[in-house]
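First the structure, in the form of C-alpha cells, and then the observations on it.
The values are calculated or read from the model by the stated rules, or taken from the named source; none is laboratory data. Predicted, not measured: the structure shown is a model, and the values here were computed from it. Every residue, glycine as well, gets a Cβ built from its backbone with ideal geometry; the counts of neighbours run over all protein chains shown. Side chains included, ligands, DNA and RNA excluded: accessible areas come from the protein's heavy atoms. Shrake-Rupley method; radii C 1.70, N 1.55, O 1.52, S 1.80 Å.
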Amino acid sequence: MKTLYIILGLFFLNLSTTSYAQISVFDIVEDAKKERGDATDNAEEDADAKKMKEGMQKFFGGVNELEDLPMEIKCLTLMKSHQKRLLTNQKEIDNTKGCKKTKDLLEMQALLVLSAGTQIYCPDEFNTDKEYYGRLILKKKYAYLMRSGYNSEELGKAFYVLQKTSEEFGNPYSKIAGTFPFILKELHERWMNDPDSGELDLDTILKIAFKLNEEEWNDQKEEYFSELIDYITYFHSPEFMAKRSGEINSLTQSLPCE
C-alpha cells in the first residue's frame, strides 16, 4: 500500500489543471495496483477496493443535482461532500479497535485525501481571483443581513462542515473564521438600528467590524480575501494532501498488524 501512496502522490502533484478535471482516480488506482502485480492476489483486498470504488462513485455522483446552483456554491457543495466523507471515515477509525480494520480504514482515508485532486478545478477557479471570489462568497454568506437576497442554505452547510473538518484535521488558515462573528455582530446591529436601509456595502461593513480606517483596510483587504479562499480550499490543496498522506503513512507503519 505504501507504494500505492507514493505513486498516487507523485501523480497528483505533477498533473496539470486540465488533467485533474479529466482523469478518474479509479484509473490511477488500477494502474498502480497493476504495477504492484498483486491486483487479484487477495480476495479481501479486492472486496475492500470494490467497496472503496463504489463509495467514491457515490461521492462523485449527484453532480447533476447541482446544475441550477451558481458556480461558487456548486463548488463549495462538492467540496463539502468530500469533507463529510473524510469526517465519516475518521469517525470510523476512532471507533474501531481492531488493528487490521483500523489499517484498512486509514488506507481508505489516504485514497479519499488524494481523490480531492479530481476536483481541483474548483479551488483553481477560486485562486484565479481570490478577492473577487472572497467577496462573492461573503456577500452570499450574509446575503439576508446585507439586504441583497436570501442566504444560501447550501453555503451555510458548506461553512459548517468546513469548520468541523478544520477542527478534526487542522487548518492553518482557520483564524480567518474568527472574523465571522465580528461581521455578523456589525450586520445585526445595523439591522436593529436601521432595518429599512438598502443593500449594504461589504467594505464598509468589514472596515467597521474590524475597526479599520480606509487606508488600513486597503492595505489589508487583499490578504484578508486571500486567506479566506485558502481556508475554504485547504482540504483540496496539495498542501493538505501531502501532509495528511504522510501522517497516514506514519500511522499505518506504527500499527503492529500486517
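Observations on the structure shown:
- The GluC sites (Glu not before Pro) of segment 143-241 that DSSP puts in a loop, and whose beta carbon has at most 13 other beta carbons within 10 Å, are E199.
- Computed on segment 137-180, the Cα convex hull volume stands at 63 Å³ per residue.
- Rg in Å to one decimal, and Dmax rounded to a whole Å, for segment 182-258 via C-alpha atoms: 21.1, 67
- DSSP-loop trypsin sites (Lys or Arg not before Pro) across segment 161-250, with at most 11 other Cβ within 10 angstrom: K211
- Global geometry of segment 131-229, whether rounded, prolate or oblate, following the gyration tensor of its Cα atoms and the 1.5 cut on a/c: oblate
- Structural descriptor for segment 68-254: relative contact order 34 percent, calculated from alpha carbon pairs under 8 angstrom and at least 6 residues apart.
- Residue pairs, from the table K141/K175; K100/K157; K139/K164; K157/K185; K74/K157, whose Cα atoms sit over 24 Å apart: K100/K157
- Taking a point 7 Å out from the Cα of K84 in the direction of its Cβ, the residues of segment 131-165 whose backbone N falls within less than 14 Å of it are 153-165.
- Segment 139-258 - percent of accessible surface contributed by carbon and sulfur, probe 1.4 Å: 51 percent
- Convex hull projection area averaged over all views, segment 68-254, Cα basis, nm²: 12.1 nm²
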